[in-house]
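Participant: My structure is below; once you've seen it, I'll send some questions.
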Amino acid sequence: MSKENPALSIVIPAKNEEANILPLVTEIHQALEDKIDFEIIYVNDGSTDKTRDKLIEAREKFPRLRFVSHKKSCGQSRAIVTGVSIAAAPFVATLDGDGQNDPADLFVLFQTLQEQADKEKVLMAGWRTKRQDVLSKRLTSKFGNAIRKSLLQDDTPDTGCGTKIFPKAAFMEMPHFDHMHRYLPALMKRQGGRTISVPVNHRPRERGVSNYGFWDRLWVGLSDIFGVMWLMHRCNKSEIISE
C-alpha cells in the first residue's frame, strides 16, 4: 500500500510520552498494515522529555510516520488542530498518546464510516464501556458526561474517548478552541451532522503519567459546556441553492 495518498490520517497529540512512542507506532502498523492506506501524524506538544528523540527514531523505522512539534505546550485540542490541518487524507482518526486506546478499533470504525451514505457528515466515536482508569477519573468522567448530555443533547455516551474518526473538511469548519476535542459530537451536530458511537477497547496506562488532574477535568469542563451551548445556539447555517 502507498503512503502518498492515504485514506486515513491518524493524528496523535503527545506531551512527555517518550516511553509510549515506539510501542504505539508499532502497534498501529500491526493493526492496520495491508488493511488501510494510512499515515501517522504525531504532534509533539512542547514535550520536555525525550519524546522528540523517540519520534525521530520511530520515523527511521516507520516511513508512514511524520511529526511536527509545538515550541511550547498548547494543549491537546490545539495539537489535534495542528495535526488535522496537515493531514493528507480526507478522513482523520485520533488516538491518545498514552497507549490506552487500542489501534485495532480504528479498522472497525473506519469500515463502519465508509458504509454511511452521508459519511462526509458523520463522526465515529469510541465508547469505553469498560473504563480502565483510576477511580477519580471514572467519577469525574461520569459526572461530566451526565451534565454534558443533559445540556448539549449530543446523543453520545462518551465524548472523552480519544478514539475517533471524522471527515477532515467537517473538522476544519468547526470553531477551534481550547478543549474543543471533548465536544466534537456537539460541534458535528451543530453543523448538521451526526455521531455514531461504537464500543471500543480501553486499557490501563502502562507507561508514563497522566497530564490531567481531577480538578482540571471537572471545573474546566463545566465552563466549556456553557461555551459550547452558546456556540450551538448562535449557529446560522445557510442552505445554498445552485442557480
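Values in this text are rule-based calculations from the coordinates and carry no lab data. All of these numbers come straight from a predicted model, not from anything done at the bench. Counting neighbours? That spans all protein chains shown, and the Cβs are built from the backbone with ideal geometry, glycine included.
Participant: Hey, can you grab everything whose amide H is under 5 Å from the amide H of Glu17? Only 5+ residues off in sequence or another chain; H modelled, so Pro and N-termini drop out.
Facilitator: Correct list: Thr51.
Participant: Then there's this: Order these by the 10 Å Cβ neighbour count, fewest first: Ser85, Ser9.
Facilitator: Numbers: Ser85 14, Ser9 23.
So the ranking, lowest neighbour count to highest, is Ser85, Ser9.
Participant: To continue, here is another question. Which ordering of Ser47, Ser150, Ser73 is given by a fewest-first count of other beta-carbon atoms within 10 Å?
Facilitator: Numbers: Ser47 20, Ser150 9, Ser73 16.
Fewest-to-most Cβ neighbours within 10 Å comes out as Ser150, Ser73, Ser47.
Participant: Still on this structure: For Thr156, which sequence-distant residues (separation of 5 or more, or a different chain) have an amide H within less than 5 Å of its own amide H, given hydrogens modelled in the peptide plane?
Facilitator: Those qualifying (amide H under 5 Å, at least 5 residues apart or on another chain) number zero.
Participant: Can you put Val81, Val25, Val68 in order, fewest other beta carbons within 10 Å first? Write out the running numbers ahead of the final one.
Facilitator: Details: Val81 21, Val25 24, Val68 15.
So the ranking, lowest neighbour count to highest, is Val68, Val81, Val25.
Participant: Take the cross-link list Lys35/Lys121; Lys35/Lys119; Lys71/Lys168; Lys54/Lys189; Lys130/Lys164 and give me the ones stretching past 27 Å between alpha-carbons.
Facilitator: On the way: Lys35/Lys121 23 Å; Lys35/Lys119 19 Å; Lys71/Lys168 24 Å; Lys54/Lys189 38 Å; Lys130/Lys164 17 Å.
Pairs exceeding the cut-off: Lys54/Lys189.
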